[in-house]
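Q: Dropping a structure here in structure tokens format, bear with me for questions.
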Amino acid sequence: MKYLNVAEKNNAAKNIAIHLSQGTQIWREGLLQYNKIYEFEAEVLGQKSQMVMTSLSGHLLTLDFYGAYKNWQSCNPLELFDAEVFKSCIIKYEEIKKTLEREVRGCQGLIIWTDCDREGENIGFQIIEVCSAVKNDLKIFRAKFSAITEFSVKIALQNLEQPNKNISDAVDVRQELDFRIGAAFTRFQTLRLRKVFPKTIGKSVVSYGSCQFPTLGFVVERYRAVENFVAEPFWKLTVNHTMNGLSVDFNWERVRLFDQKACRVLHDTCKESPLATVTDVTTKPKSKRRPLPLTTVEFEKLASRKLNINAKKAMDFAEKLYMDGLTSYPRTETNEFPEEMNLEQLVGLHTDDPNWGAFAQNILDNGGPTPRQGNKSDGAHPPIYPTKYIDGQLLKLPERRLYELIVRSFLACCSKDAQGQETTATINIANEVFSGNGLMITARNYLDVYPYDDWSSTEIHVYQSGQTFNPSCIDLVDGSTSPPNLLTEADLIELMEEHGIGTDATHANHIEKIKERSYVKLDDGITFVPDLLGMGLVEGYERIGLNLSKPHLRAQFEADLKAISEGRKQPQVVMAEQVAKYKEVYLKVTAEANKIDGALAERFSEKPNTDPNKDNVMCECRLTCKKLTVSKESQNKGRPFYACPKDIKKRCKFFQWADGETSTSSGWSTNGRGRKRAYSSSDEWTYGE
DNA sequence: GCAAGGTC
């Protein structure tokens, strides 16, 4: 038997091949330089077999509309909810597809080794689709692994399963809906707003996406919370005891009062008999926990918060570090190291470094690495860790700082929690209670290598229970409640993760996208505020009574997808329900689009063009009485034509333009990528009015 | 020229 084995990416294919062949694999080039082919022997289903292993680079196929639906001017976006869609190979991956087709011909079996998550299952079915098309009697298997380690992939090969169609179906529904909704709303928003605000919108695209809008929504919500915040004045008592050059502050047990008079009365009472009596002194151990093994989300948050490198840039550099072999795969949700990983060796790589070498040596000399184990695993990738040591001086600046962050995080999580002793002294002044704290750090441990956490000692006098002293001062301090902070990028990523908007691999992209679209902007280089367009859009949809920027729509959809994965719901049913829902939303939006114009007009300085459709020409089909509105502008650019969705696959002799003229072309059009697509129309169109 | 999800 000869099996074709296909992984989701080259790196996975290579490592799986190494593990299964004990390093005896030989490699050759595939048709695309990034995706190599590895060959070795292995035992499959109790039989010695020839193995050919190659990979994709993520999804192989993508969705598209046919002919007229592809063109922004030649169809009503409403039709995109029902227009037929097709999957085709992503143009840059055609060589990968050809490699699969060529390699599978010589094989009798196919083993899918894509990542063991939802998207991976779907990618698996794309591989099956391509391979089955050239070889129809293939024996097909799915390898399920919990990590790409020798142990895990060998177990997977001994326990081959069948691919799970339900999971893949859920992804198909997700893709198709995101695509239809995204295309319909994006075209509508863009085409309309370009006409209503030609100066402000210009040629830019006003996109709608099921992740873009909730992300924008988080920024708007926080901005409003800050804007609408009403500060409330408060008053509080503070006590200070300075002696021998050491100043100790005591905090009031009541924290603060919102009644100035009451606070003044208590202050006066304390000032009248200011002698403080120490009522209690406790000292107890306190520790600060070392970080968990590093995930993508934590990496992005640290880079953004501590190094001021934004998530998109951080991921681009992480990708480069990974490609250079310095760090492990950067997209991971896993925060625990697999048992079989040799952490001692990985720590040992760093013992010669001038900055953290001694720390690494210290870990090895004191019982070895003992990382905390988290509770998340994506089943394919370990946490992010340095795979190789390099002198930081050899790297350019942002890369060096990110490599250092990965190394320091790794060494910190392999180290021990910081330990300290916290002393709390409680005092009583005229029956008011205050407490002061002191912290003595007894073992800094991980903090010595991890500058991203603060924990510092604070001194306190040595007090004894029953002792009395005269405070240096007892003050009445006024203040006012403060608004929440605007969102930083790290906060935004946290919210996205919490509400299930996007994935670890896409958070940074969505944030970048809404910046690019001018929906949000960085206020002071650090915090996000809505930009005029983003704010106006959210307000416009709200005036229509829609909450498209709230995360619950996406959350509901995710719940449906889960039901499909588990076989509890039919994909066609969910698809139909969601399409119907969004179609209704779309109709409402187009009917009340003037409310969006109005909201934006209040934000923009440009006066809106109040009748953006006055130049439109109505087309009507004589046979079906279907109506189509076309702008004069597009009419001049090229004649609108109608593609009949049902007959699309039939190659027809001629088609008819919306102005009634027929063309004798073969009935094939080319798409933007120069590829031929069939479209047809037996309907006749004519201009009305 | 549109989405979101993978990935180089």
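Bear in mind these aren't lab numbers, they're just calculated from the coordinates by the rules spelled out. Quantities reported herein were computed from a predicted structural model and do not represent experimental measurements. Cβ coordinates were reconstructed from backbone atoms using ideal geometry, including for glycine residues, and neighbour counts include every protein chain displayed.
Q: When DSSP beta bridges are limited to those with both residues in chain A, what percentage is antiparallel, rounded to the nearest 5?
A: Values: 78 of 93 bridges.
Counting only bridges with both partners in chain A, antiparallel ones make up about 85 percent.
Q: Sticking with this structure for a sec: 5 Å is the cut-off here: which amide hydrogens, built 1.01 Å from N in the peptide plane, fall below it relative to A:Thr442, excluding neighbours closer than 5 in sequence?
A: A:Gln419, A:Gly420, A:Gln421
Q: Relative contact order, percent, of the range A:2-163 when contacts are C-alpha pairs under 8 Å separated by at least 6 residues? Intermediate results must be reported in sequence, preceding the final value.
A: Numbers: 295 pairs, mean separation 42.8, N = 162.
26 percent.
Q: What number comes out for the charge environment of A:Ile111, summing +1 per Lys or Arg and -1 per Asp or Glu over other residues with Cβ under 12 Å away? Please list the in-between numbers first.
A: Working: positive: A:Lys2, A:Lys139, A:Arg142, A:Lys144; negative: A:Glu161.
Summing Lys/Arg as +1 and Asp/Glu as -1 gives +3.
Q: What is the distance, in nm, between label points placed 7 Å from the Cα along the Cα-to-Cβ direction at A:Asp82 and at A:Gln108?
A: In this crude label model, A:Asp82 to A:Gln108 measures out at 5.0 nm.
Q: Over chain A, what is the relative contact order in whole percent, taking alpha-carbon pairs under 8 Å and six or more residues apart? Present the calculation step by step, with values, prior to reporting the outcome.
A: Values: 1309 pairs, mean separation 104.7, N = 689.
Relative contact order comes out at 15 percent.
Q: Counting only residues 5 or more places away or on other chains, whose amide H sits under 5 Å from the amide H of A:Leu110 once H atoms are built in the peptide plane?
A: So A:Leu110 has HN proximity to A:Leu4, A:Lys139, A:Ile140, A:Phe141.
Q: Could you tell me which of rounded, prolate or oblate describes chain A, using a ≥ b ≥ c as the square roots of the eigenvalues of the alpha-carbon gyration tensor, with rounded for a/c under 1.5 and, failing that, prolate when a/b is larger than b/c and oblate otherwise?
A: Values: a/c = 2.92, a/b = 1.37, b/c = 2.13.
In terms of gyration-tensor shape, oblate.
Q: In percent, how large is the relative contact order of the range A:48-131, given Cα pairs closer than 8 Å and 6 or more residues apart?
A: Values: 61 pairs, mean separation 27.1, N = 84.
Value for the range A:48-131: 32 percent.
Q: Which of the peptides A:502-513, A:135-146 is most tightly packed, and how do the rest follow, judged by the mean count of other Cβ atoms within 10 Å per residue? Before the final figure, lay out the partial values.
A: On the way: A:502-513: 20.3, A:135-146: 16.5.
The densest-packed peptide leads the list: A:502-513, A:135-146.
Q: For A:Asn609 and A:Asp352 in one chain, what is 0.36 nm times their gap in residues minus the Cα-Cα distance, to one decimal in nm?
A: Working: separation 257, 0.36 × 257 = 92.52 nm, distance 6.81 nm.
That works out to 85.7 nm of additional length.
Q: With a ≥ b ≥ c taken as the square roots of the eigenvalues of the C-alpha gyration tensor of the range A:2-163, please select rounded if a/c is under 1.5 and otherwise prolate if a/b is larger than b/c or oblate if it is not?
A: Values: a/c = 2.33, a/b = 2.13, b/c = 1.09.
Because a/c hits 1.5 or more and a/b exceeds b/c, the range A:2-163 counts as prolate.
Q: With θ taken as phi - 60° and the coefficients 6.51, -1.76 and 1.60, list the Karplus ³J(HN,Hα) couplings across the range A:515-522 in order, rounded to whole Hz; mark glycine and proline as x.
A: For the range A:515-522, the Karplus curve yields 6, 4, 7, 6, 8, 9, 9, 7 Hz.
Q: By per-residue mean of other Cβ atoms within 10 Å, what is the highest-first order of A:108-117, A:422-431, A:605-614? Working shown, then result.
A: Numbers: A:108-117: 22.7, A:422-431: 18.4, A:605-614: 13.1.
Peptide ranking by packing, descending: A:108-117, A:422-431, A:605-614.
Q: Taking K and R as +1 and D and E as -1, what net charge do the other residues with C-beta under 12 Å from the C-beta of A:Ser21 add up to?
A: Details: positive: A:Lys14, A:Lys154; negative: A:Glu39, A:Glu41, A:Glu43, A:Glu150.
Summing Lys/Arg as +1 and Asp/Glu as -1 gives -2.
Q: Rounded to the nearest 20 debye, what is the charge dipole size of chain A about its Cα centre when +1 sits on each Lys and Arg Cβ and -1 on each Asp and Glu Cβ? Don't skip to the end; give the middle numbers.
A: Numbers: 89 positive and 92 negative charges, 544 e Å.
Result for chain A is approximately 2620 debye, rounded to the nearest 20.
Q: A further question on this structure: So, counting K/R as plus one and D/E as minus one, what does the shell of residues with Cβ under 14 Å around A:Thr54 add up to? Walk me through the numbers on the way to the answer.
A: Numbers: positive: A:Lys2, A:Lys9, A:Lys14, A:Arg28, A:Lys36, A:Lys97, A:Lys98, A:Arg102, A:Arg105; negative: A:Glu8, A:Glu29, A:Glu39, A:Glu95, A:Glu101, A:Glu103.
Net of charged neighbours comes to +3.
Q: With a cap of 16 neighbouring Cβ atoms within 10 Å, and only residues DSSP puts in a loop, list the chymotrypsin sites (Phe, Trp or Tyr not before Pro) found in the range A:7-84. Write down the numbers at each step before the final one.
A: Details: sites: A:Trp27, A:Tyr34, A:Tyr38, A:Phe40, A:Phe65, A:Tyr66, A:Tyr69, A:Trp72, A:Phe81; in loops: A:Tyr34, A:Tyr66, A:Trp72.
Here the sparse-neighbourhood loop sites are A:Tyr34, A:Trp72.
Q: Show me A:569-576, A:488-495 ranked by packing, highest mean number of other Cβ atoms within 10 Å first. Each step should come with its number before you reach the end.
A: Values: A:569-576: 16.1, A:488-495: 21.2.
The peptides rank, most packed first, as A:488-495, A:569-576.
Q: In nm, to one decimal, how far is the modelled label at A:Arg372 from the one at A:Lys261, with both set 7 Å along Cα→Cβ?
A: Rounded to a tenth, the inter-label distance reads 5.0 nm.
Q: With runs of 4+ DSSP H residues as the only contributors, calculate the mean residue ellipticity of chain A at 222 nm using -39,500 (n - 2.57) per run, divided by the residue total and rounded to the nearest 500. Could the numbers behind the result be given before it?
A: Working: 21 runs with 260 residues, N = 689.
Calculated mean residue ellipticity at 222 nm is -12000 deg cm²/dmol.
Q: Label the range A:296-414 by shape, choosing from rounded, prolate and oblate, from the square roots a ≥ b ≥ c of the eigenvalues of the Cα gyration tensor; if a/c is under 1.5 it is rounded, and otherwise prolate applies when a/b is larger than b/c, oblate when it is not. List each step's numbers first, then the result.
A: On the way: a/c = 1.73, a/b = 1.13, b/c = 1.53.
Oblate, since a/c reaches 1.5 and b/c is not below a/b.
Q: Then there is this: Counting only residues 5 or more places away or on other chains, whose amide H sits under 5 Å from the amide H of A:Arg256 once H atoms are built in the peptide plane?
A: none
Q: Applying the Karplus parametrisation 6.51 cos²θ - 1.76 cosθ + 1.60 with θ = phi - 60° to the phi angles of the range A:207-215, what ³J(HN,Hα) value in whole Hz is obtained for each residue in order, glycine and proline being reported as x?
A: Those phi angles translate into 7, 10, x, 5, 9, 4, 5, x, 5 Hz.
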